[in-house]
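Colleague: Sharing a structure, written as structure tokens. Questions coming.
The values are calculated or read from the model by the stated rules, or taken from the named source; none is laboratory data. From a predicted model like this one, the values you see are computed outputs, not experimental measurements. Heads up, the Cβs are rebuilt from the backbone with ideal geometry, glycines too, and the neighbour counts pull from every protein chain shown.
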Amino acid sequence: MFNPQILCLMKYNYITTGEYYSHGRNSIAHGMKNGNQKSIARAASEMAKFVSPDVTLIPMPGHTGVATYTLTLAEQIAELTGAKVCDIMRGTTRETFYDIKKNGGKVQKDYLGLFLTEELPEGKIMIVDNCISTGTTAAAALDLTKRGIVLAYAIVGKSKHIEGLTPVEG
């Protein structure tokens with residue numbers, strides 16, 4: 001069953017289709033990272049329910065500093081909804097969050113080195129990502145854009161216990 005979650009972390013707003021470890025979302029999220037087109041199409045169809053034609057989708061860059069699978073995801077959501085895609089967010093090339101955490105490190109917002117290659121478009125924006133784990137990436141993106149909402153396919157359960165993260169009536 002489709003169970004969307006609309007969440008707010010202090011001033012940061014997120015929309016997600018649901019819990020990472022339920023309904024096979026973890027497999028779909030991993031499939032997206034590996035460029036699996038079926039996974040991307042499945043996620044896009046679920047995420048499209050939150051997107052109107054007057055929205056501009058901005059894909060989140062990965063550890064290479066550019067958007068890859070999130071760009072494909074945003075393009076597929078746009079195809080389903082009539083929204084626009086604007087691939088203007090970049091970051092520094094870095095180690096993956098998985099590797100940082102595996103080695104005992106802690107991810108900080110400034111580590112991402114996010115920047116815009118051009119001005120934000122007017123109107124509503126949504127930043128597209130596959131998963132919210134700690135909320136660090138989403139918070140960094142929203143700090144950069146100063147507006148908008150993050151649209152993520154899934155959220156890791158422990159993210160709900162981040163200080164200030166509470167459900168918002170949708």
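Colleague: Inspect all residues belonging to the stretch 95-112 and state whether any of them is under 18 Å from LEU144 (Cα atoms), modelled with pLDDT under 95 and of a type in the set (D, E, K, R). Let's see the steps before the verdict.
Modeller: To start, the set of residues in the stretch 95-112 that are under 18 Å from LEU144 (Cα atoms) comprises 107-112.
Next, from what is left, pick out any that are modelled with pLDDT under 95: 107-112.
Retained after the next criterion (residues that are of a type in the set (D, E, K, R)): 109-110.
Within the stretch 95-112, one or more residues are under 18 Å from LEU144 (Cα atoms), modelled with pLDDT under 95 and of a type in the set (D, E, K, R).
Colleague: Which members of the stretch 29-85 meet the condition of being hydroxyl-bearing (Ser, Thr, Tyr) and more than 14 Å from TYR153 (Cβ to Cβ)?
Modeller: If we filter the stretch 29-85 for residues that are hydroxyl-bearing (Ser, Thr, Tyr), which is where we start, we get 39, 45, 52, 56, 64, 68-70, 72, 81.
Of everything in the stretch 29-85, those that are hydroxyl-bearing (Ser, Thr, Tyr) and more than 14 Å from TYR153 (Cβ to Cβ) turn out to be SER52, THR56, THR64, THR68, THR81.
Colleague: Determine which single condition ASN26 fails, assuming it passes every other condition in (1) outside any helix (DSSP H, G or I); (2) in contact (Cβ under 8 Å) with a residue 60 or more places away in the chain.
Modeller: The failed condition is (1).
Colleague: Could you give me the residue pairs with C-beta distances under 9 Å whose first residue belongs to the stretch 45-59 and is within 16 Å of MET32 (Cα to Cα), whose second residue is small (Gly, Ala, Ser) wherever it lies, and which are 6+ apart or on separate chains?
Modeller: These pairs meet every condition: GLU46/GLY18; MET47/ALA152; ALA48/ALA78; ALA48/ALA83; PRO59/ALA67; PRO59/ALA74.
Colleague: What is the residue count in the stretch 56-86 for residues that are in a strand (DSSP E or B) and closer than 24 Å to TYR20 by Cβ?
Modeller: Filtering the stretch 56-86 for residues in a strand (DSSP E or B) gives 56-59, 84-85.
With the extra rule that they be closer than 24 Å to TYR20 by Cβ, the set shrinks to 57-59.
Residues meeting the conditions: 3.
Colleague: Let me ask something additional. Every residue in the stretch 17-46 that is crowded, with 22+ Cβ neighbours inside 10 Å, modelled with pLDDT of 95 or more and not β-branched (Val, Ile, Thr), please.
Modeller: SER39, ALA43, ALA44
Colleague: Can you tell me how many residues in the stretch 29-73 are among the hydroxyl-bearing types (Ser, Thr, Tyr) and touching a helix residue (DSSP H, G or I) at 6+ places or on another chain (Cβ under 6 Å)? First the steps, then the outcome.
Modeller: Residues of the stretch 29-73 that are among the hydroxyl-bearing types (Ser, Thr, Tyr), as a first pass: 39, 45, 52, 56, 64, 68-70, 72.
Applying the additional criterion that residues be touching a helix residue (DSSP H, G or I) at 6+ places or on another chain (Cβ under 6 Å) yields 39, 69, 72.
Residues flagged as among the hydroxyl-bearing types (Ser, Thr, Tyr) and touching a helix residue (DSSP H, G or I) at 6+ places or on another chain (Cβ under 6 Å) within the stretch 29-73 amount to 3.
Colleague: Follow-up. Go through the stretch 74-94 and give me each residue that's out of contact with any helix residue (DSSP H, G or I) (no Cβ under 6 Å at 6 or more places or on another chain) and at pLDDT 95 or above.
Modeller: We begin by selecting, within the stretch 74-94, every residue out of contact with any helix residue (DSSP H, G or I) (no Cβ under 6 Å at 6 or more places or on another chain); these are 74-75, 78-79, 82-84, 86, 88-90, 92-94.
Within the stretch 74-94, ALA74, GLU75, ALA78, GLU79, GLY82, ALA83, LYS84, CYS86, ILE88, MET89, ARG90 meet the criteria.
Colleague: While we're looking at this one, here's another question. So in the stretch 138-170, with the set limited to residues that are under 18 Å from ALA43 (Cβ atoms) and in contact with a Lys or Arg (Cβ under 8 Å, 6 or more places away or on another chain), which one is modelled with the lowest pLDDT?
Modeller: ALA154
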